[in-house]
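What follows is a short report on a single structure.
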Amino acid sequence: MKPKQQRQQEHSSDNNNTGNQDKKESEQPKAPSPLRPRKHKDAADRTQADSPNPNQKKQKKPSVQAWVQRALDMGVQNLVKEFQMLAKWIPDNMTCDEFLKNREFNRYQDVPCQDDRRIVLNWPGVDNDYIHANFVATPNSDKRFICTQGPLEGTQFAFWIMVVQEEVESIIMLCNTMECGKIKCHQYYPLEKNTSRVFGEGDSAIMVTTIDIKNLSAEDPFVRVSRFIVHWKNRSGENQSRMISHYQWENWPDRGVPPTNLTAVNVLSHVRGSTKPILVHCSAGIGRTGTIVAIAYVQEKMQAGLNCMDMNDLLKELRSQRPYSIQNEYQYIYVHRVLLAYFLERYADRHSSCLQGENSEKYKKWVEDYKLLTST
């Protein structure tokens, strides 16, 4: 596929930034705290680590306790060291042949897309099968997530081909189109309600129409939820359509961490019910993208009763599918912060045993060290 395009051979602008850069929490209105226990919990609010199945609960609780204990025992500084030991880890024998052949379709030339588990496009009238995207498996599905870069102007059509081809129902966008004066992602969908855009030409074209826009909730005012209807023709020339939900998280800084709340868990709870691949992207498709996928990964492992204590192993599992997922120690620690807040604050009564004895003081110190590290 060689549509008209603007070549953008950037280097990941993130390499020289610090994890506490670009924080704007003080400039933004305070949302109600999501860390309080909820009075009601419906199906949409229930996370994978809180399944109502009694057998799963029996499996889950020891996993939660063991995971929390390890995080508290390690402490923030040792978790930072743990990440730093793996900061440059990539899978053995990784090949990136298609990435190298298609440089004009890569947003960053220093963020490789490995050949293994890459999405291969197959669309009538389109010759090139490449897009910078990989499947990521979790206990729930071999194709649970698609992790991809933010579309370039010249890869918008490829992006929507991937969405239609892989039957995506939910898209999570973790960046803004412009950040710190730099283009991070092309505006690949219509911003205004009841407006449409067409990608491609003739019978190969895909039309996207925005039909609704709202905030996720009062707790999460910085997540913009759009509903799209996507229209295309199949290979037999028959008209097809699908409804897609799009979640844009607007206040997560590049290479940094967002304010400490449970927005990540709340967003994931809205897409969790999909049996199709959940598409996640930021700018490069590895930092913020890898971070939220890691949170989901831990939750799904706990639900399945699988060991997820060794987070360094989980990081390797992610990176063996999407190289360089989770770019820095700040994002790695943020994964722990969100899950600790979820277990020990939102559902404190359920996991009260995790804070018995000296663990209560350990948690207080952990939170203070996190604030010092991230300046949040």
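Applying the selection to region 95-109, what residues are under 23 Å from Met178 (Cβ atoms), under 24 Å from the mean Cα position of the chain (by Cα) and surrounded by fewer than 18 Cβ atoms within 10 Å (Cβ to Cβ)?
The initial filter retains those residues of region 95-109 that are under 23 Å from Met178 (Cβ atoms), namely 104-109.
Checking which are under 24 Å from the mean Cα position of the chain (by Cα) leaves us with 105-109.
Within region 95-109, Gln109 is the sole residue that qualifies.
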Across (1) touching a Leu at 6+ places or on another chain (Cβ under 7 Å); (2) farther than 22 Å from Gly150 by Cα; (3) of a type outside the set (Asp, Glu); (4) part of a loop (DSSP other than H, G, I, E, B), Leu306 clears everything bar (1)
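From the list Leu339, Leu318, exactly one residue is under 28 Å from His246 (Cβ atoms), touching a Gly at 6+ places or on another chain (Cβ under 9 Å) and outside any loop (DSSP other than H, G, I, E, B). Which is it?
Working: Leu339 fails: touching a Gly at 6+ places or on another chain (Cβ under 9 Å).
Testing whether each residue is under 28 Å from His246 (Cβ atoms), touching a Gly at 6+ places or on another chain (Cβ under 9 Å) and outside any loop (DSSP other than H, G, I, E, B) leaves just Leu318.
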Pairs returned, first residue in region 306-321 that is more than 14 Å from Ile295 (Cα to Cα), second residue that is modelled with pLDDT of 95 or more and among the β-branched types (Val, Ile, Thr), beta-carbon separation under 7 angstrom, 6 or more apart or interchain, are Gln321/Val136
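Rundown of residues vs (1) of a type in the set (Gly, Ala, Ser); (2) touching a residue at least 60 places away in the same chain (Cβ under 8 Å), yes/no style:
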position: Arg337; (1), (2): no, yes
position: Ala341; (1), (2): yes, yes
position: Glu368; (1), (2): no, no
position: Leu373; (1), (2): no, yes
Expected output for region 265-280 (first residue farther than 21 Å from Val335 by Cα, partner polar (S, T, N, Q), Cβ below 6 Å, 6+ apart or cross-chain) is Ser274/Ser170
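Being modelled with pLDDT of 95 or more, closer than 24 Å to Asp203 by Cβ and touching a Pro at 6+ places or on another chain (Cβ under 7 Å): is that true of Phe159 here? Can you show your working first?
Numbers: modelled with pLDDT of 95 or more: yes; closer than 24 Å to Asp203 by Cβ: yes; touching a Pro at 6+ places or on another chain (Cβ under 7 Å): yes.
For Phe159, the condition - modelled with pLDDT of 95 or more, closer than 24 Å to Asp203 by Cβ and touching a Pro at 6+ places or on another chain (Cβ under 7 Å) - is met.
Can you tell me which of Ser196, Ser245, Ser241, Ser204 is within 20 Å of Val280 (Cα to Cα) and among the hydroxyl-bearing types (Ser, Thr, Tyr)? Don't jump to the end; show me each part of the working.
Details: Ser196 fails: within 20 Å of Val280 (Cα to Cα); Ser241 fails: within 20 Å of Val280 (Cα to Cα); Ser204 fails: within 20 Å of Val280 (Cα to Cα).
Residue meeting the stated conditions: Ser245.
Output the residues belonging to region 178-198 that are acidic (Asp, Glu) and in contact with an Asp or Glu (Cβ under 9 Å, 6 or more places away or on another chain). If you could, list the steps in order and put the result at the bottom.
Within region 178-198, the subset acidic (Asp, Glu) is 179, 192.
Across region 178-198, the qualifying residue is only Glu179.
Every residue, every condition in (1) within 17 Å of the chain's Cα centre (by Cα); (2) buried (at least 22 other Cβ atoms within 10 Å of the Cβ), yes or no:
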| position | (1), (2) |
| --- | --- |
| Leu279 | yes, yes |
| Cys282 | yes, yes |
| Arg288 | yes, yes |
| Ala296 | yes, yes |
| Asp310 | no, no |
| Leu314 | yes, no |
| Leu318 | yes, yes |
| Asp349 | no, no |
| Asp369 | no, no |
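The values are calculated or read from the model by the stated rules, or taken from the named source; none is laboratory data. None of these values were measured; they are calculated from a predicted model. Cβ coordinates were reconstructed from backbone atoms using ideal geometry, including for glycine residues, and neighbour counts include every protein chain displayed.
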